[in-house]
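*Asks:* Pasting a structure here, questions to come.
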Amino acid sequence: MAAVVSAPPVARAAPSSKTETFADTKRRDDVRHANIEAARAVADAVRTSLGPRGMDKMIITPNSNEVIITNDGATILSQMSPLQPAARMLADLSRSQDTAAGDGTTSVVVLAGAILRKSQHLLSNAAAHPTAVADSLHKFSQKAVSILRSIAIPVDLSDRDTLIKSASTALNSKVVSNYSSLLSPLAVDAVLSIIDPNNPSLVDLRDIKIVKKLGGTVDDTELIKGLVFDKKASHAAGGPTRVENAKIAVIQFQISPPKTDIEQSVVVSDYTQMDRILREERNYILSMVKKIKATGCNVLLIQKSILRDAVTDLSLHYLAKAKILVVKDIERDDIEFITKTLNCLPIANIEHFREDKLGFADAVEEVSVGESKVVRVTGIKNMGRTSTVVVRGSNQLVIDEAERSLHDALCVVRCLVNEKYLIAGGGAPEIELSRQLAAWAKELHGMESYCIKEFAEALEVIPYTLAENAGLNPVSIVTELRNRHARGETYAGINVRKGQITNILEENVVQPLLVSTSAITLATECVRMILKIDDIVMVR
C-alpha cells in the first residue's frame, strides 16, 4: 500500500493593506438589536388600544396614586416614562404627533414598531447596511406622502357636516364615543368661533378654555359664548351674586393694607396707636374702593397674590357695601385669556383705574353647576375670538377622559383648517399606500427595491390591528381588503361595527390628511434615528 503523505501547510502571508479593517461588528449589532427590541416593546404595549374597538389602559401614578383610564397613546406613553433611551424616543414620538396633529398618537407608535420589525428583518436576514435601510426609508416616506396627497379629498370649511364627520371619527375610539354626536358639533363650533379672518390658517387652541365640573353626565357638556370661572363669587357681607349691565375690571394689585418690604415685627403697646393703625387701614381701603366705584365698575376680578392677601375681610365688606361683585384668586395664567375675551386691559395699579380699561357684559351671575357653583359672564360687548366649554361627567375619570377626547376632536378640526384635505379612515389609506408602494418598489433596483417592498408590507399593521382589536379574523380581512384595492376600490376599509369591508367614505369614517402624513413622516424619522445608532456610550 502506498502511503499518501500530505505536504505541510504553507503559512499564508496576511494580505498587505494600508487601510485598517474593523471586523468585529457584534457589539454594534447587539446595541442596535437592543434598541429596536425596546422600542418595539413600547409599540406592542399600546397596540391593543388602536381603533374603535381598542382596549383602555388603567394607569396608577406611584406618588399620588392618581388613576387615569384612557386609550390615548400620548397620555399612556407620557405616564409610562420608559427608562431605555430608544423606548423613550417612541414616547416622544407620540407626543410630537399630539402636537402636530392631535390625533393618531397610537397609530404613529404602532407604525413605527412595524417599520422597526421590518428593519430588523432586513438587517439580520438580508444583510442590509443600516445606512442603506435608513436612506430607503426616507424615500419611502416622501413617496408615501405624495401618494396620500393624490388620494385626498379637498374640503371646504363652510361644509360643517364634513367637519363634524371628521371630528366623530376621532371620538369613535374613545371611552366617550357614545357622546360623539354631542361633542363633535361642539368641537367644530368651538374651533370655527376662534378663527381669525386675517389669519385663517392660524388656530390657537389656547383660545378655547375647558372647565371641568363634577356632576351630571357628558350629555350636559356645553359650549358657552362668554366666560366661566370655576369658582364662586365672594359672599362676604352679603355682596351681590348677580349683576346686569356689568362693567368688569381685571386688577393685578391688592386691596389690602400695605406691608413693609422686609420681614419685621412692629410692637404696639398703646391702645390709641392701635386705633390709629386700624383707622388708617380703613381709610386706605375705603379710598381704594371709592376710586373703583367712581369709574362705574360693578364686577371685580382679582388676580391671586403671592406676596400678601389680595383682599381682606374688611376690603370685601366695603366692596359688598358698594354693590360690587367680587371674584378673587384668578390664576395668573388665565389673565391673558380673560382680558382677550372681555376685550379689556388688566390694571396693575389703583392710580391707573380708568373706565376705558373696563370690559362690558350684559350679565355676570353665580350659577349652580353640579355640586358646586361657577360665575358665568354672558353677553360680552366686543368679545374677543375665544370660547369656553364646560365639561361634565359622573366621576373625575370620565371628565378627564372627556377632556382628552375633546382635545383630540378640536385638534382634528384644527388640522382641517390648516390643511383642507380629508382621507378615508378604517385602514383604507394604509392598504392603498401598501399596494402602490409595492408596485413602485418593482420599478427600483437592488437593495432599495427590497427595502421599500418590506416597508410597504409594514403599513398593513394598521388594518391588521384594527381587525384584530375588533375581534375579526385579521388575515382574511386584510387579504380581502387587498383584493378590493387591487380592483380599484380606493376607499374600501374595515367597518368594525358591521364586521366587514365597505366603502368607508359612505360610512362617514374620515380623517384629516395631516394626521396620516404627519404619522408617516414622524414614524420614519424616528426609526431612521434608531437605525443610525450603533453604540451607547455611558459618561460620568
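The values are calculated or read from the model by the stated rules, or taken from the named source; none is laboratory data. Predicted, not measured: the structure shown is a model, and the values here were computed from it. Positions of Cβ are generated from backbone atoms using ideal geometry, with glycine treated the same way; all protein chains shown enter the neighbour counts. All accessible areas refer to the heavy atoms of the entire protein, side chains included, with ligands and DNA or RNA removed. Shrake-Rupley method; radii C 1.70, N 1.55, O 1.52, S 1.80 Å.
*Asks:* How about the range 341-354: which of its residues are open to solvent by less than 90 Å² (accessible area, probe 1.4 Å) and out of contact with any Lys or Arg (no Cβ under 7 Å at 6 or more places or on another chain)?
*Replies:* Applying the first criterion (open to solvent by less than 90 Å² (accessible area, probe 1.4 Å)) to the range 341-354 yields 341-342, 344, 346-350, 352-353.
Selection gives 341, 342, 346, 348, 349, 352.
*Asks:* Sticking with this structure for a sec: Please determine whether any residue of the range 293-307 is among the polar types (S, T, N, Q), without any contact (Cβ under 8 Å) to a residue 12 or more places away in the chain and over 30 Å from residue 392 (Cβ atoms). Lay out the reasoning, then the answer.
*Replies:* If we filter the range 293-307 for residues that are among the polar types (S, T, N, Q), which is where we start, we get 295, 298, 303, 305.
After this cut, where a residue has to be without any contact (Cβ under 8 Å) to a residue 12 or more places away in the chain as well, the list is none.
No, that holds for no residue.
*Asks:* In the range 260-289, what count of residues is obtained for those that are modelled with pLDDT under 85 and touching a Pro at 6+ places or on another chain (Cβ under 9 Å)?
*Replies:* Final tally of qualifying residues: 0.
*Asks:* For the range 425-448: of the residues being modelled with pLDDT of 90 or more and closer than 14 Å to residue 516 by Cα, which is most open to solvent (accessible area, probe 1.4 Å)?
*Replies:* Looking at residues that are modelled with pLDDT of 90 or more and closer than 14 Å to residue 516 by Cα, I get 430.
*Asks:* Let me ask another. Only residues in the range 165-187 that are in contact (Cβ under 8 Å) with a residue 60 or more places away in the chain and farther than 11 Å from residue 510 by Cβ count as the first member; pair them with residues that are open to solvent by 30 Å² or more (accessible area, probe 1.4 Å) and of a type in the set (D, E, K, R), Cβ under 7 angstrom, at least 6 apart or cross-chain, and list the lot.
*Replies:* 175/56; 179/219
*Asks:* Looking at the range 169-191, is at least one residue under 23 Å from residue 331 (Cβ atoms), open to solvent by less than 70 Å² (accessible area, probe 1.4 Å) and either in contact with a strand residue (DSSP E or B) (Cβ under 8 Å, 6 or more places away or on another chain) or of a type in the set (Phe, Trp, Tyr) (or both)? It would help to see each step written out before you state the result.
*Replies:* Let us first name the residues in the range 169-191 that are under 23 Å from residue 331 (Cβ atoms), namely 190.
If we keep only those that are open to solvent by less than 70 Å² (accessible area, probe 1.4 Å) as well, we get 190.
Checking the rest, the ones that are also either in contact with a strand residue (DSSP E or B) (Cβ under 8 Å, 6 or more places away or on another chain) or of a type in the set (Phe, Trp, Tyr) (or both) come to 190.
Among the residues of the range 169-191, at least one is under 23 Å from residue 331 (Cβ atoms), open to solvent by less than 70 Å² (accessible area, probe 1.4 Å) and either in contact with a strand residue (DSSP E or B) (Cβ under 8 Å, 6 or more places away or on another chain) or of a type in the set (Phe, Trp, Tyr) (or both), which makes the answer yes.
Okay, residues lined up against (1) in contact with a helix residue (DSSP H, G or I) (Cβ under 6 Å, 6 or more places away or on another chain); (2) not aliphatic (A, V, I, L, M):
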position: 426; (1), (2): no, yes
position: 432; (1), (2): yes, yes
position: 435; (1), (2): yes, yes
position: 452; (1), (2): yes, no
position: 475; (1), (2): no, no
position: 485; (1), (2): yes, yes
position: 491; (1), (2): yes, yes
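*Asks:* Restricting to the range 58-108, and then to whatever is free of Cβ contacts under 8 Å to residues at least 12 places away in the same chain and among the polar types (S, T, N, Q), can you tell me which residue is most open to solvent (accessible area, probe 1.4 Å)?
*Replies:* Here the residue is 63.
*Asks:* Just one of 281, 263, 244 is open to solvent by less than 70 Å² (accessible area, probe 1.4 Å) and among the acidic types (Asp, Glu); which is it? Break it down stepwise before answering.
*Replies:* Working: 263 fails: open to solvent by less than 70 Å² (accessible area, probe 1.4 Å); 244 fails: open to solvent by less than 70 Å² (accessible area, probe 1.4 Å).
None of the others qualify; the one that does is 281.
*Asks:* Next question, about the same structure. Does any residue of the range 141-151 turn out to be at pLDDT 85 or above, in contact with a Phe, Trp or Tyr (Cβ under 7 Å, 6 or more places away or on another chain), of a type outside the set (S, T, N, Q) and surrounded by fewer than 24 Cβ atoms within 10 Å (Cβ to Cβ)? Outline the logic, then answer.
*Replies:* Applying the first criterion (at pLDDT 85 or above) to the range 141-151 yields 141-151.
Adding the requirement that they be in contact with a Phe, Trp or Tyr (Cβ under 7 Å, 6 or more places away or on another chain) leaves 143.
Applying the additional criterion that residues be of a type outside the set (S, T, N, Q) yields 143.
Keeping just the survivors that are surrounded by fewer than 24 Cβ atoms within 10 Å (Cβ to Cβ) gives 143.
Yes, the range 141-151 contains a residue that is at pLDDT 85 or above, in contact with a Phe, Trp or Tyr (Cβ under 7 Å, 6 or more places away or on another chain), of a type outside the set (S, T, N, Q) and surrounded by fewer than 24 Cβ atoms within 10 Å (Cβ to Cβ).
*Asks:* Scan the range 29-42 and report the pairs whose first residue is in a helix (DSSP H, G or I) and whose second residue is of a type in the set (Asp, Glu) and surrounded by fewer than 21 Cβ atoms within 10 Å (Cβ to Cβ), with Cβ atoms within less than 7 Å and a gap of 6+ or a chain change.
*Replies:* 31/534; 31/535; 32/534
*Asks:* Somewhere in the range 401-411, is a residue under 28 Å from the mean Cα position of the chain (by Cα) and among the polar types (S, T, N, Q)? Before you say what the answer is, go through the steps one by one.
*Replies:* Kept after step one, since they are under 28 Å from the mean Cα position of the chain (by Cα), are these residues of the range 401-411: 401-411.
Filter once more, keeping what is among the polar types (S, T, N, Q): 405.
Yes, that holds for at least one residue.
*Asks:* While we're here: I'm trying to understand the selection: among the residues of the range 451-491, which are at pLDDT below 90 and either at positive phi or open to solvent by less than 10 Å² (accessible area, probe 1.4 Å) (or both)?
*Replies:* Matches in the range 451-491: 471, 488.
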